[in-house]
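Visitor: The structure follows.
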């Protein structure tokens with residue numbers, strides 16, 4: 001399969017990429033912003049521009065992949081290294097793209113616009129675990145309740161670990177240059193790896209409010225003690 005790798009995310013709606021066809025399709029409609037040199041958590045745009053909002057998106061394997069859909073465009077962030085296939089289906093038309101994710105972690109470039117959070121913003125964090133020997137731990141994916149400009153936006157945070165105490169301080173929304181198409185919720189991964197056995201303190205800061213809890217690791221089992229039902233929520237609580 002042959003794909004055109006676009007030089008900028010904002011160009012995805014202006015270019016046409018060539019890719020292999022599913023037997024039910026007579027065209028190659030799926031466009032992708034890039035297929036290689038992708039970092040973990042980096043926004044990748046997939047577009048099915050001729051098929052409106054009636055598109056089914058499927059990712060194989062789906063583990064830790066997060067999808068945000070705006071019209072005919074899906075923004076996908078991949079939480080782990082590997083090779084993934086993204087399939088877009090609209091009626092009898094189906095097309096796919098294969099992307100390769102590196103082991104490095106994406107961070108937005110410093111010269112960018114950082115939007116403040118909306119008033120009353122809340123975050124929903126979903127958790128998955130990594131069982132990988134000495135590097136075992138948890139992957140957090142945080143997603144805003146509200147939408148922000150640019151479908152390729154990104155949730156920005158500072159992260160620290162000291163003496164089994166994890167702190168995530170959410171700062172705002174990264175908006176890349178020349179990106180004005182649509183709005184979307186902002187999300188990002190954070191990696192709590194490796195995590196020590198026993199009790200680990202967890203502190204999360206959002207909009208000048210501090211939330212605290214703990215994570216208890218017992219071998220490959222995790223219990224997240226988190227009492228908040230608004231502001232910042234975390235699920236599941238046991239893994």
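Visitor: Testing residue 67 on (1) surrounded by fewer than 19 Cβ atoms within 10 Å (Cβ to Cβ); (2) in contact (Cβ under 8 Å) with a residue 12 or more places away in the chain; (3) assigned to a strand (DSSP E or B); (4) not assigned by TED's automatic domain parsing to the domain that holds residue 171, one condition comes back false. Which one is that?
Guide: Checking residue 67 against (1) surrounded by fewer than 19 Cβ atoms within 10 Å (Cβ to Cβ); (2) in contact (Cβ under 8 Å) with a residue 12 or more places away in the chain; (3) assigned to a strand (DSSP E or B); (4) not assigned by TED's automatic domain parsing to the domain that holds residue 171, the one that fails is (2).
Visitor: Scan region 179-201 for residues that are more than 29 Å from residue 131 (Cβ to Cβ) and touching a helix residue (DSSP H, G or I) at 6+ places or on another chain (Cβ under 7 Å) and jot them down.
Guide: Across region 179-201, the qualifying residues are 179, 181.
Visitor: Then there's this: List the number of the failed condition for residue 11; all other conditions in (1) within 18 Å of residue 176 (Cα to Cα); (2) modelled with pLDDT of 80 or more; (3) surrounded by fewer than 20 Cβ atoms within 10 Å (Cβ to Cβ) hold.
Guide: (2)
Visitor: Another question, if that's okay. When region 224-238 is examined, which residues are found to be surrounded by 15 or more Cβ atoms within 10 Å (Cβ to Cβ) and either not in a loop (DSSP other than H, G, I, E, B) or not assigned by TED's automatic domain parsing to the domain that holds residue 126 (or both)?
Guide: 224, 232, 233, 234
Visitor: Further question: Any residue that is in a loop (DSSP other than H, G, I, E, B), closer than 24 Å to residue 75 by Cβ and outside the structural domain of residue 81 (by TED's automatic domain parsing) - is there at least one of those in region 126-144?
Guide: Within region 126-144, none of the residues are in a loop (DSSP other than H, G, I, E, B), closer than 24 Å to residue 75 by Cβ and outside the structural domain of residue 81 (by TED's automatic domain parsing).
Visitor: Condition check: under 23 Å from residue 191 (Cα atoms) and modelled with pLDDT under 95. Does residue 141 satisfy that?
Guide: When the stated conditions are applied, residue 141 does not pass them.
Visitor: Answer yes or no: is there a residue in region 202-210 that is within 20 Å of the chain's Cα centre (by Cα), under 26 Å from residue 43 (Cα atoms), in a loop (DSSP other than H, G, I, E, B) and in contact (Cβ under 8 Å) with a residue 12 or more places away in the chain.
Guide: No, that holds for no residue.
Visitor: Looking for whichever is part of a loop (DSSP other than H, G, I, E, B) and farther than 29 Å from residue 210 by Cα here; the options are 54, 119, 89, 83. Which one fits?
Guide: Criteria check complete, one pass: 54.
The values are calculated or read from the model by the stated rules, or taken from the named source; none is laboratory data. Everything numeric in this text was worked out from a predicted model, so none of it was measured. Cβ atoms come from the backbone with ideal geometry, glycine included; neighbour counts cover every protein chain shown.
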